[in-house]
Every structure is written in C-alpha cells, then in structure tokens.
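Step one of this worksheet: look at the structure below.
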Ligand SMILES: [Zn+2]
C-alpha cells in the first residue's frame, strides 16, 4: 500500500523531528578517496513494488528481486568531508509515521558530526525522500550553518509553473516554496546553474529525467572520483544489469533511461565510485553483457 502511495505521490514530507541530542551509536567508518571521507547515512527504508519497474516482464522482475514483489529499499544521504568543507548530499525522509525513517541525525552522530557541522547541503532533486530532513519539527532549519544548494532548473521545475506538472503533483509547489523559503530568509539558499563548479573538486552534473532538474554531484580528489547519483537508479538488483529499465517515478522516462546509460558508461570507463540514494552499498561498476556488475567498495 505504501509503495502504491509512493508511486502516485512521491513528494513532500512532513517535517523532520530531529533530535538535538543524538545518541552515541556505534561508529561509522568512512570510505576514503584521496582527501575525501565519505559516509553513507541511512535515514530509513521504503518498500518499492516490483510493479514500478517499466519495460520488464513481471515474472522477470520478481525473479530479479529474489522472488519478492517489492524491494526493501534504503533511503540514504551522504556525508562528505572534503578539504575545507563538510557536505551533506540529500537529507532523507525525515520523521514519517508510515516509514522507518528519521535516522539521519543519529547516523550523523555515528559519523562524528552534528547538524551544526554541515556547511553545505546539496539536493539531488526535490522528492520527499531527499528533502524531508531539511526542517526540524518546529519548522526551523535542521542545519543552521549550512548553505542549501539545488539546481535552479529543479527548483523552477517544481515551483515556477505547476501547470507543467502532472496534476497529482501540482499542490506541491506552495509547500516546496515555503520549505526553501526558510533557508532563503536566512540568506542560506543558493540555486545553481547546470554543470556549475560548486567548489574546487566539486561540480554538478545535470542528470534530468527522473525530475526536471535531477542532479548528480561529482567530487574529485587526487585522481579519485565519487559521484552522488541520487535517483539515477532505484532498483540495484535490476537496473545495473538492465539500465534500459525505467521506473514509474521517472517524470520523463525516456530521458531518465538515456541519462542512466550515459552516466553508467562514463562511470565504468573512469572507475568512478557511485553513491546512490537507494542502493544498499557504495559501488563501482564493471561492464558485463549489455549492462554492469556492481562491485561494493569496501
Ligand atoms: Zn529517492
């Protein structure tokens, strides 16, 4: 039921009930790439129904998902410490009574960080499971010292002309505007242009299709490269092997497939490390047949 709901709504959250006193959970060790330190922070989990896969026979979908009708799917944010900056990519679902979610602050604590340490937030796109942690329950900024950045195209896609959106999503525009306005009022909201270099060693890669301005973030250090790929892929068990398979969430399905194929090709060629919002592990990909094998990066 929840997965069905996700298929039709896929947007705004409630607000995040972020605890101001994170618990001291077991320590999360970072992945080190050059001078980058990277932590996968799992905010929650959502079930994604196999029926969301487009262009795949239902029996094949079930088989690829290990005989199940839905994939138990993580919702990740990523903490990246780079020289001079502490960056958070996406913010999870936040507190939602229907989901196992809202663990971002505890996960940050396990990585040795607090919300106040974050000085840059990068949003891959404006779906609820990526922006849900931006505000506290009282409607104030959950990350009081962070500059919030999102592609201008993505922000405009949702807020400037709702008539372009599917009807079911049009009421989201005012809610999104209000959310980003909290950061804007504090002088902490800075949209960017496609492909902008956001800092030395950090640039945006337009990856439109899933949404109008969906963005991949590329970090480089000492010849190593990390891409935080947001929702470039939802079903790790299917779409690495079969990148041509789309999901019902993609607002421009053809474009989402094309972008996934192009970026996977490039990532495999350059041995880029991929951090996906809905992948259980950080991976590299290796060509195999018409698709890829995903190899976890320890
Ligand atoms: Zn997502």
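The numbers here are math on the coordinates, done by the rules we state, and not lab data. This one's a predicted model, so the numbers in the text were calculated from it and none came from an experiment. With ideal geometry, Cβ positions are generated from the backbone for all residues, glycine too; neighbour counts draw on all protein chains shown.
Against the condition crowded, with 24+ Cβ neighbours inside 10 Å, away from the ligand (no atom under 15 Å from the Cβ), within 18 Å of residue 227 (Cβ to Cβ) and under 17 Å from the mean Cα position of the chain (by Cα), how does residue 105 come out, does it pass? Considered against the rule, which asks whether it is crowded, with 24+ Cβ neighbours inside 10 Å, away from the ligand (no atom under 15 Å from the Cβ), within 18 Å of residue 227 (Cβ to Cβ) and under 17 Å from the mean Cα position of the chain (by Cα), residue 105 comes out as no. Within segment 195-209, being closer than 23 Å to residue 251 by Cα and surrounded by 14 or more Cβ atoms within 10 Å (Cβ to Cβ) holds for 204, 205, 206, 207, 208, 209. Residues that are within 15 Å of the ligand (Cβ to nearest atom), part of a loop (DSSP other than H, G, I, E, B) and under 16 Å from residue 76 (Cα atoms) within segment 109-164 comprise 123, 124, 125, 126, 127, 132, 133, 134, listed in sequence order. Every condition in (1) closer than 22 Å to residue 63 by Cα; (2) in contact with a strand residue (DSSP E or B) (Cβ under 6 Å, 6 or more places away or on another chain); (3) surrounded by fewer than 21 Cβ atoms within 10 Å (Cβ to Cβ) is met by residue 246 except one, and the failing one is (3). Could you tell me whether residue 206 is within 30 Å of residue 222 (Cβ to Cβ) and within 21 Å of the chain's Cα centre (by Cα)? Here the answer is yes, as residue 206 does meet what is asked.
In segment 274-289, the residues that are more than 20 Å from residue 48 (Cβ to Cβ) and touching a residue at least 40 places away in the same chain (Cβ under 8 Å) reach residues that are part of a strand (DSSP E or B) and within 16 Å of the ligand (Cβ to nearest atom) with C-beta atoms within less than 7 angstrom, at least six apart or across chains, in these pairs: 285/274. Checking each residue in segment 58-85 for being within 17 Å of the chain's Cα centre (by Cα) and either surrounded by fewer than 17 Cβ atoms within 10 Å (Cβ to Cβ) or not in a strand (DSSP E or B) (or both) picks out only 72.
Taking the criterion of being closer than 19 Å to residue 88 by Cβ and buried (at least 24 other Cβ atoms within 10 Å of the Cβ), the residues of segment 217-243 that qualify are 217, 219, 226, 228, 229, 230, 231, 232.
If the condition is being within 15 Å of the ligand (Cβ to nearest atom) and either crowded, with 23+ Cβ neighbours inside 10 Å or closer than 19 Å to residue 220 by Cα (or both), then segment 86-100 contributes 89, 90, 91, 92, 93, 94.
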